[in-house]
Amino acid sequence: MRKQNKRLVFVLVGLAGVSVAVWLVLTAFRHNLVFFYSPTQVLEGKAPSHGVFRLGGIVEKGSIKKDGLHTTFTVTDLRHSMVVHYTGILPDLFRQGQGVVVQGRRVGTTTFMASQVLAKHGANYMPPDVAAELKRSMAAKAKAALS
Amino acid sequence: MGKFSRLACVTRLIKLIHKYGAPKRFYELAGTLTPWFASLTTLLFVSGLYLGLYWAPPDYQQGNAYRIMFVHVPNAWMSMMAYVAMALFAATGYIWNVRLADILAKATAPLGASFTLTALVTGSLWGKPMWGTYWVWDARLTSELVLFFLYVGYMALQASIDDPRRAAHASAILAIVGVVNVPIIHYSVYWWHTLHQPASLTLTSQPKIYITMLIPLIIMSLGFMFFYLTMLCVRTRSEILWRERRTDWVRKLVESRS
């Protein structure tokens, strides 16, 4: 029985030690593990000033302008926004009001040249008629709140 | 008095484990359970796929492409659940010297690896049209890939040591250490900005999946769970036969069959 207790303690202490080690590593690499930066982070200078990085946010409604394969749109985190230029094919889920992650370089204070555009999908799944119904009731609620 | 009854409880539990934990007894028990598990799996898969592919409505944004989640999500869940099961089996075998637990851990590894690979491949196939890329190195995808390597490493370590006891001990350490990765996979979408979306189903909030899409998903998840149990029984039985091949009961079993 003593031997078994020893092994139990060994496993528990070992697991605790490894957890702490992994936690420390992840905390140390916190900034390297970020997949994208929000426009606010970019404007605050938290993103790399030179070189390629990813910018993420929501495609602002009515900001998409298409000219052949060239697309211009605004990425916003509802506090700040950046204008993105991109030439190429857009993914299926790219649309206004949806999440997007673009990879490229910052070329001006609020201008970004993207070499890749990735659409970010939300966690919601529903049939089209339910989505339309939801939209209608949300609009009605907003109207009621305004009047 | 309290301490005495607790001790009696533990002794009884250990007796029970030893009774059903004896490879021969478990071989018989698993043999009885396998056909039940297998028919339940078939029933769940057939009804889940029918409901998921025909009955469930298309998604308001993804159309029909979302239906891959009926395979992707259960496999991703099972990849993590199987790992936790494997680590628990391995730890039980290591700490209390339960031979059956060693065998269960060994039998789980390739199953978990296949769940992980299926989750990665189906996710990748969905990612190309929806995200615009097959693969990104975000925290969720990377940690799930690490899970696959943990399974493969566990299997390689098992295969590289001939003595089953030593193989079980060495690989148990790897399995236990690797369990740290499971919460990282689960929470990656909350801790870091990832391309992968957060969970649509959580214990604490209302599901973000419409009910007619949720039902097939739950049925498919149960299906994969019973698929795991079925395969676990089959794999464990053959491993028991191999390890006990020199014992009387296996010899008698073989003679009675031939």
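Taking the listed residues A:88, A:122, the one that is within 12 Å of another protein chain (Cβ to nearest Cβ), within 21 Å of residue B:198 (Cβ to Cβ) and touching a strand residue (DSSP E or B) at 6+ places or on another chain (Cβ under 8 Å) is A:122, with no other qualifying.
For residue B:37, the test of being in contact with an Asp or Glu (Cβ under 9 Å, 6 or more places away or on another chain), away from chain A (no Cβ under 12 Å) and assigned to a helix (DSSP H, G or I) is failed. When restricted to residues that are away from every other protein chain (no Cβ under 14 Å) and either in a loop (DSSP other than H, G, I, E, B) or in contact (Cβ under 8 Å) with a residue 40 or more places away in the chain (or both), the stretch A:24-68 contains 13. Which of the residues that make up the stretch B:28-65 are without any contact (Cβ under 8 Å) to a residue 24 or more places away in the chain and in contact with a strand residue (DSSP E or B) (Cβ under 9 Å, 6 or more places away or on another chain)? Correct list: B:60, B:61.
The residues of the stretch A:125-147 that are more than 10 Å from chain B (Cβ to nearest Cβ) and hydrophobic (A, V, I, L, M, F, W, C), listed by number, are A:138, A:139, A:140, A:142, A:144, A:145, A:146.
Which ranges mark the helices (runs of 4 or more DSSP H) fully within the stretch B:166-258 that have 3 or more residues being among the β-branched types (Val, Ile, Thr) and more than 14 Å from chain A (Cβ to nearest Cβ)? I'd like the intermediate steps shown before the answer.
Numbers: elements: B:181-191, B:211-243, B:248-257.
In the stretch B:166-258, B:211-243 are the helices (runs of 4 or more DSSP H) which contain 3 or more residues that are among the β-branched types (Val, Ile, Thr) and more than 14 Å from chain A (Cβ to nearest Cβ).
Residue B:21 passes every criterion in (1) modelled with pLDDT under 90; (2) over 22 Å from residue B:158 (Cβ atoms) apart from (2).
Here is a list: B:243, B:235. Which entry is at pLDDT 95 or above and in contact with a Pro (Cβ under 8 Å, 6 or more places away or on another chain)?
Matching residue, one of B:243, B:235: B:235.
The values are calculated or read from the model by the stated rules, or taken from the named source; none is laboratory data. Keep in mind the model is a prediction, meaning the values are calculated, not measured. Cβ atoms come from the backbone with ideal geometry, glycine included; neighbour counts cover every protein chain shown.
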